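Enquirer: One structure follows; several queries about it will come next.
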Amino acid sequence: MTKQPNIIEFTLPEWLAEYAGSYRASVVLEERMRFVIEAARRNIEEKTGGPFAAAVFEHETGKLVSLGVNLVVSRNSSILHAEMVAIMLAQQQLDTYDLGDPGMPAHELLSSAEPCAMCFGALPWSGVQYVATGAQSEDAKSIGFDEGAKPENWIAELESRGIQVSTDVERERARKVLLLYQQSGGRIYNSKES
């Protein structure tokens, strides 16, 4: 039996901090989404992970709190989806498990694609009050990704919990990043791959 580690940690790609530093706060949703989608593209080009990115912003000001990219294959962890990474980093940065704490500004999560089943489940627990997505789940499925058993009415489920949702924000741009990943031979990972 191998010894269990007492610390769980992962490293972010070296280019990510510099890229995040290039962001200039914008109140325009499409500009924030283009920034997130470009991070997904960069993750492919740098060969540091899958074709997904997500970020947490202050909703009213557009201030970037955290930027995450998909690190599943590069860090050997099925939970390191871009949304999970962005949420973990934001909670660490703000020193809270609840991004919806009444003493803080409202936070939003922007993702280059609709959430999979795992990331969908994390959204209500994270405290974000707004979610915006680029590509649809069907776009990710079309290149082979398994998005899991997410409720068909996932938007209504989030909205019933007070989370506002916008979809198809810069969808075509986000879809092109998924196609780039497929065309460049990126690994399509799913549980129990054949």
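Enquirer: Over the chain, what is the relative contact order in percent, taking alpha-carbon pairs closer than 8 angstrom and at least six residues apart? Mind dumping the intermediate values first?
Expert: Details: 348 pairs, mean separation 35.9, N = 194.
Rounded, it is 18 percent for the chain.
Enquirer: What full-extension length gain, to one decimal in nm, is calculated for residue 184 and residue 101 as 0.36 nm per residue of separation minus the Cα-Cα distance?
Expert: Numbers: separation 83, 0.36 × 83 = 29.88 nm, distance 4.17 nm.
Net length gain for the segment: 25.7 nm.
Enquirer: With no solvent and one point on each alpha carbon, what is the Debye value of log10 I(q)/I(0) for the stretch 19-184 at q = 0.08, 0.10, 0.12, 0.16 Å⁻¹?
Expert: -0.20, -0.31, -0.45, -0.84
Enquirer: Set the Förster radius R0 to 22 Å, insert the Cβ-Cβ distance between residue 164 and residue 138 as r into 1/(1 + (r/R0)^6), and round the FRET efficiency to 0.05.
Expert: 0.50
Enquirer: Run the numbers on the stretch 1-75 and let me know its relative contact order in percent, using alpha-carbon pairs under 8 Å that are six or more apart.
Expert: 28 percent
Enquirer: Provide the gained length on full extension for the span residue 157 to residue 77, in nm with one decimal, where the gain is 0.36 nm per separating residue minus the Cα-Cα distance. Write down the numbers at each step before the final one.
Expert: Numbers: separation 80, 0.36 × 80 = 28.80 nm, distance 2.72 nm.
So the chain would gain 26.1 nm between residue 157 and residue 77.
Enquirer: Tell me the mean residue ellipticity at 222 nm calculated for the chain from its helices only (DSSP H runs of n ≥ 4, each -39500 (n - 2.57), averaged over every residue, nearest 500). Write down the numbers at each step before the final one.
Expert: Details: 7 runs with 73 residues, N = 194.
Taken over the chain, the calculation gives -11000 deg cm²/dmol.
Enquirer: Under a crude label model (7 Å from the Cα following the beta-carbon direction), how far is residue 9 from residue 27 in nanometres?
Expert: Distance between label points: 4.0 nm.
Where a number appears in this text, it was derived from the coordinates with a stated rule and is not lab data. In this text the structure is predicted, and so the values were computed from the model without any measurement. So basically every Cβ, Gly included, is an ideal-geometry build from the backbone, and we count neighbours across all protein chains shown.
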